[in-house]
Amino acid sequence: MTYRFNTARPADSLEAEFHDACAAAVGECLSLPSRYHPLAWIGMAEGWGAAEAARRLLISGDIQTGFERLVKAGRPELTVEWAVLDPKWRALFGEQHREAARWRLRQAQVEPPH
């Protein structure tokens with residue numbers, strides 16, 4: 001399923017690509033058998049842009065219910081935590097963001113991507 005955020009894409013090309021990748025992940029969530037609609041994430045991504053929303057989410061210290069739901073569904077690759085660890089997005093996130101993402105995945109018994 002295709003999904004588009006209800007905001008303009010960020011001007012920075014790498015942030016725009018990340019924004020589009022996150023919208024694609026939302027589309028995947030909507031296609032899951034349990035049909036997960038990540039409203040909180042959509043609101044954050046539309047308000048701040050997906051990259052800034054991911055940064056804020058990761059430093060919040062809270063493990064979101066959406067993260068838990070996706071891990072339980074066997075789809076950790078749809079989480080923001082997983083996306084942040086993709087080398088393609090390395091320039092968008094600091095080491096503290098990547099470390100928080102690794103920690104959350106490991107807490108959920110998921111081996112982070114390398």
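The values are calculated or read from the model by the stated rules, or taken from the named source; none is laboratory data. Keep in mind that this is a model prediction, so the values were computed, not measured. Here Cβ is always computed from backbone atoms with ideal geometry, including for glycine, and neighbour counts include all displayed protein chains.
Kindly provide the set of residues from the range 50-62 that are crowded, with 17+ Cβ neighbours inside 10 Å and either at pLDDT below 95 or of a type in the set (A, V, I, L, M, F, W, C) (or both), ordered by number.
50, 51, 53, 54, 57, 58
Inspect all residues belonging to the range 24-36 and state whether any of them is surrounded by 14 or more Cβ atoms within 10 Å (Cβ to Cβ), touching a residue at least 40 places away in the same chain (Cβ under 8 Å), in contact with a helix residue (DSSP H, G or I) (Cβ under 6 Å, 6 or more places away or on another chain) and closer than 18 Å to residue 89 by Cα.
Yes - at least one qualifying residue is present in the range 24-36.
How many residues does the range 55-87 hold that are of a type in the set (Lys, Arg) and touching a residue at least 40 places away in the same chain (Cβ under 8 Å)?
Residues flagged as of a type in the set (Lys, Arg) and touching a residue at least 40 places away in the same chain (Cβ under 8 Å) within the range 55-87 amount to 2.
Taking the range 66-114 as the search range and keeping residues that are part of a loop (DSSP other than H, G, I, E, B) and charged (D, E, K, R), which one is nearest to residue 26 (Cα to Cα)?
Ranking the qualifying residues of the range 66-114, first place goes to 75.
Sort out which residues of the range 47-65 are assigned to a helix (DSSP H, G or I) and among the hydrophobic types (A, V, I, L, M, F, W, C), and write them in order of number.
48, 50, 51, 53, 54, 57, 58, 59
Being in contact with a helix residue (DSSP H, G or I) (Cβ under 7 Å, 6 or more places away or on another chain) and farther than 19 Å from residue 67 by Cβ is the filter here; which residues of the range 6-18 pass it?
6, 7, 9, 10, 14, 15
Filter the range 88-112 for residues that are surrounded by fewer than 20 Cβ atoms within 10 Å (Cβ to Cβ), touching a residue at least 40 places away in the same chain (Cβ under 8 Å) and within 21 Å of residue 36 (Cα to Cα) and give the result.
108
Report the residue count in the range 37-46 for those that are surrounded by 18 or more Cβ atoms within 10 Å (Cβ to Cβ) and part of a helix (DSSP H, G or I).
4
Looking at 2, 65, 79, 7, which is the one that is modelled with pLDDT under 95, among the polar types (S, T, N, Q) and under 18 Å from residue 100 (Cα atoms)?
65
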